DNA sequence: CGCTTCCTTCAGAAATTTGTGAAGTTAAGG
DNA sequence: CCTTAACTTCACAAATTTCTGAAGGAAGCG
């Protein structure tokens, strides 16, 4: 049995994982198509799939693939590569791309912090509401630094467990 | 000017913060009404508002308040209190309720982990895809423990900065 | 024990989001 | 250059979500 990349192995098992995991991502706030595309990439052996492969495996139109990938690239959850000497585009997920995704999450928290800072000023730092906002702000600022350190510890831990990347 | 609790101070500034912060929460995946209700509570002096106050301040129907609060209570972002001897219900936010919200986030990650574990088995731990899933799984498991420790450090840091709770 | 107040549930209208087909654009290959 | 393969953009139909008004309880208060 020759295998068209990505749908080799047990298509049943792959699909089961892709849909299940994508559903969890959706529940966490991701849109359906980006979630499915991302899960499909995670579940592929090479970590790389072309637009056509994604469309076929997930039964969606090229337009849907395009939209999903644009979003995923924007938030750094996949990278796009131009296969040299071909008009096929390849989309790749790195197993450590989660850091990027988290970093992106950080950008969201940064905007929360901005809103909170404005709130503290607007409501008055000396009011009960203002000080609640200030404490909330302090929490996020604390988290920011911690996450940085945490990532570093993870890298060490991973290298010990899985061998250097 | 006597003040109906919650809309004292500068209603302009309050509203500006509420809508701005709520918008950020929405962008992070929260639904609009829960986001607005939560922001309104955060911005109130007592951290407590009644259903009527929320409805008036946010210009939404009692039904909308009800729905929003039900959701927020479910994910532990607010608690509901029955004002004794009254049919008014009061909704409260604790400034440290973010931990709860994060803990709730943890529940989501737990389900990610479940899906990943199944994926590792389904695709085969010895396949490239399987090992990618396994590494991803390890990352989340690592995070879980770290977050626990981080919260503890935050509590210490907060007590030093803000005085005991 | 009935009245009143407040909250909830529910059906449906309105708005938003989602995914598609079709047309458009870019770039490889003859 | 022209052709053709591949991705993208766009307008729209369908599905979903969101919020409301109205009806339906529960619980204090007289």
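Read-outs throughout are calculated quantities, based only on the coordinates presented, and are distinct from any laboratory measurement. Treat the numbers as computed from the prediction; the structure is a model and nothing was measured. Glycine also receives a Cβ, built like all others from the backbone with ideal geometry; neighbour counts cover every protein chain displayed.
Taking the helices alone, the protein assembly as shown has a mean residue ellipticity at 222 nm of -23000 deg cm²/dmol, built from -39,500 (n - 2.57) per DSSP H run of at least 4 residues and averaged over all its residues. Set against the 2.2 N^0.38 Å expectation for a compact globular protein, the protein assembly as shown has a Cα radius of gyration ratio of 1.15. Just report the Cα centroid separation between the range B:144-165 and the range A:42-83, whole Å. Rounded to whole Å, the Cα centres lie 40 Å apart. The C-alpha atoms of chain A define a longest principal axis, and helix A:62-74 lies at about 40 degrees to it.
For helix B:97-123, what angle does its Cα long axis make with the longest principal axis of chain B, in degrees from 0 to 90 and rounded to 10? In chain B, helix B:97-123 runs at an angle near 30 degrees to the longest axis.
The value for the range B:11-92 of Rg(Cα) / (2.2 N^0.38 Å) is 1.01.
Placing a pseudo-label 7 Å from each Cα along the Cα-to-Cβ vector at residue B:162 and residue B:109 gives an inter-label distance of 2.2 nm.
FRET efficiency for the residue B:10 to residue B:94 pair, using the beta carbon distance and R₀ = 30 Å, is estimated at 0.80.
Helix A:11-27 and the longest principal axis of the C-alpha atoms of chain A enclose an angle of approximately 20°.
The spread of Cα positions in the range A:64-148, taken along each principal axis and listed from longest to shortest, comes to 64, 25, 17 Å. Treat chain A as a sphere of radius equal to its Kirkwood radius over Cα pairs and apply Stokes-Einstein at 20 °C in a medium of 1.002 mPa s; give the translational diffusion coefficient in µm²/s, rounded to a whole number. My calculation gives 116 µm²/s for D. Between copies, the label points at residue A:70 (set 7 angstrom from Cα along Cα-to-Cβ) are spaced 3.7 nm, reported in nanometres from shortest to longest. Remark: label point of residue A:155 defined 7 Å out from Cα along the Cα-Cβ vector; separations to the same position in other copies 3.1 nm, ascending. On full extension, the segment bounded by residue B:19 and residue B:102 gains 27.7 nm, given 0.36 nm per residue less the C-alpha separation.
Distance to the A-onto-B rotation axis is smallest for one chain A Cβ; residue and value in angstrom are A:29, 1. Each copy carries residue B:126; placing its label point 7 Å along the C-beta direction from Cα gives inter-copy distances of 7.2 nm, listed from smallest up.
Here the spin labels are modelled as points 7 Å beyond Cα on the Cα-Cβ line, and at residue B:81 and residue A:75 they lie 3.6 nm apart.
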